[in-house]
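Below: the structure, in structure tokens.
The values are calculated or read from the model by the stated rules, or taken from the named source; none is laboratory data. This one's a predicted model, so the numbers in the text were calculated from it and none came from an experiment. As a convention, Cβ positions derive from the backbone with ideal geometry for all residues, glycine included, and neighbour counts pool all protein chains shown. The accessibility values were calculated without ligands, DNA or RNA, using every heavy atom of the protein model including side chains. Shrake-Rupley method; radii C 1.70, N 1.55, O 1.52, S 1.80 Å.
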There are 2 protein chains.
Amino acid sequence: MADSAGALAPQWDSGGSNRAADRAYRFIREGILASRWPPGAHLREQELAELTGVSRTPVREALRRLSADGLLQLVPNLGAKVNAWTIQDLDEIFGLRATLESQVAGLAASRAEPQHLAELGALCDAMEAVVGDGGAVDFSRITPLNDRFHGLLIDIAGDRRLGQMIRQVVEMPLVLRTFARYSRRDLARSMNHHREIVEALTARDGEWASSVMRAHVRAGRAVFTVPKTE
Amino acid sequence: MADSAGALAPQWDSGGSNRAADRAYRFIREGILASRWPPGAHLREQELAELTGVSRTPVREALRRLSADGLLQLVPNLGAKVNAWTIQDLDEIFGLRATLESQVAGLAASRAEPQHLAELGALCDAMEAVVGDGGAVDFSRITPLNDRFHGLLIDIAGDRRLGQMIRQVVEMPLVLRTFARYSRRDLARSMNHHREIVEALTARDGEWASSVMRAHVRAGRAVFTVPKTE
DNA sequence: TAATGCGTCATTGTATACAACGCAACCCGT
DNA sequence: ACGGGTTGCGTTGTATACAATGACGCATTA
């Protein structure tokens, strides 16, 4: 799910600093996302400390944060396990996303200003350019654009906590991006959704924007169940 | 806000253990909720360690958790400040609650079973008994009942993540429970909301339940702005 | 006098040593 | 052979010592 309804990587600065704890956080997080450790794997603090080049103290802090992110499961006196995702988890997560992101779209409709609409439109152009290139779709170029699109919507909506919640929910199943893939049809539909959302915002129609966004997310959910058609 | 739309204290076991970090967590949390430290106050790790009777290590862990809860604001190299709540914060938080809890009510409507409805009804009875006593309302007796009511709804809905999100959102402004108070009219309305939600669940009408819950939360928000009428 | 640079101190961040806990293997008794 | 207790080891939890960072005050200078 390198595309829209599935991506939305957190771009906030949590862990952007140069503290040892932040380095450990980034390192472990990247490792999990790259499936360096399979779901269910037990992470030992000492080992992580050596790998990261810091002591156990910042590693412990990183583990707590990753647990809060939902990437790990922490059991007292037993340590950290890489989280494994069930069907029910996916349903719950995408259900939450549908609720929250459609809310964002609705809010954004009543607050979007011309420059916002212009940037959203430009992002659509850029994404369509990548998809329409003819050859194999370069997901690594779509993902940041898509993240920016959804992030910008959150900014426009102007509800910090709502945005924070969404980022938290999206963070959880980030691992799965590697596995699932959008077919070309899925991608085309996603692009259309984006366009339609911008249109709805231009028309200042919150219900419209909200509905399309809900569809957008639920379509994203379906990619995990329905086989890739292409 | 000892009542329904404002309470819903987290009853999960986060911090229930006997580890030093958990004791520190509980201690500091209680202190903040009891206004032992005013909003904006700078909490020093050493001082907290001495007060709690543990070392700085578990105190640091507790501070990180409290920051994730939203009770503290953490700045790298500068430490922790007790969070101060603005009008915008309240609007955002109650907005989220309205969205999430109404979702829960809707889900619960399609999943509630007779024994659930019975327990919800019993909780309504108990709360009304406390309120209708005639004398001054004993908030300390309403709060746990109300928490149980909302918590049971979450259980019935059967969406763990949704419940987790709600608990997280409710946790944030928990400090304010001390300040705001429901008038007798507000309380009466709250009780009516509860009853109506149970009715909607009995009728298996998710839209109905969801709407009442949304009203319930927004009425709770208003208590913070409109002066107590009594 | 006001602005700037430096030094000191309080406070946070990190490393390391030690304690407590849990699991597993083993021994012993029945 | 099987069950219960026990010991040993690996891992997590906690305390403490040390390093690094930022804030405040003072002195120096234009």
Just to confirm my filter: which helices (runs of 4 or more DSSP H) fall fully inside segment B:72-161 and include at least 2 residues that are open to solvent by 50 Å² or more (accessible area, probe 1.4 Å) and closer than 23 Å to B:PRO173 by Cβ? B:87-109, B:139-157
Restricting to segment A:64-115, count the residues that are of a type in the set (A, V, I, L, M), within 16 Å of DNA strand C (Cβ to nearest atom) and in contact with a strand residue (DSSP E or B) (Cβ under 8 Å, 6 or more places away or on another chain). 4
If I go through segment A:56-67 residue by residue, how many of them are surrounded by fewer than 18 Cβ atoms within 10 Å (Cβ to Cβ) and either among the charged types (D, E, K, R) or over 17 Å from A:SER17 (Cα atoms) (or both)? 2
Can you run down the residue pairs with Cβ atoms below 9 Å, 6 or more apart or on separate chains, where the first is in segment A:197-222 and on the phi > 0 side of the Ramachandran plot and the partner is of a type outside the set (Phe, Trp, Tyr) and assigned to a helix (DSSP H, G or I)? A:ARG204/A:ALA109
Output for Cβ contacts, cut-off 6 Å, separation at least six or different chains, first residue without any contact (Cβ under 8 Å) to a residue 24 or more places away in the chain in segment B:183-196, second buried (at least 17 other Cβ atoms within 10 Å of the Cβ), reads B:GLU196/B:VAL212
Reported set for segment A:197-219 where residues are acidic (Asp, Glu) and part of a helix (DSSP H, G or I) is A:GLU199, A:GLU207
Could you tell me which residue of segment A:20-52 is farthest from DNA strand D (Cβ to nearest atom), considering only residues that are part of a loop (DSSP other than H, G, I, E, B) and of a type in the set (Lys, Arg)? A:ARG36
Does B:ALA2 qualify as being at pLDDT below 95 and more than 12 Å from chain A (Cβ to nearest Cβ)? yes
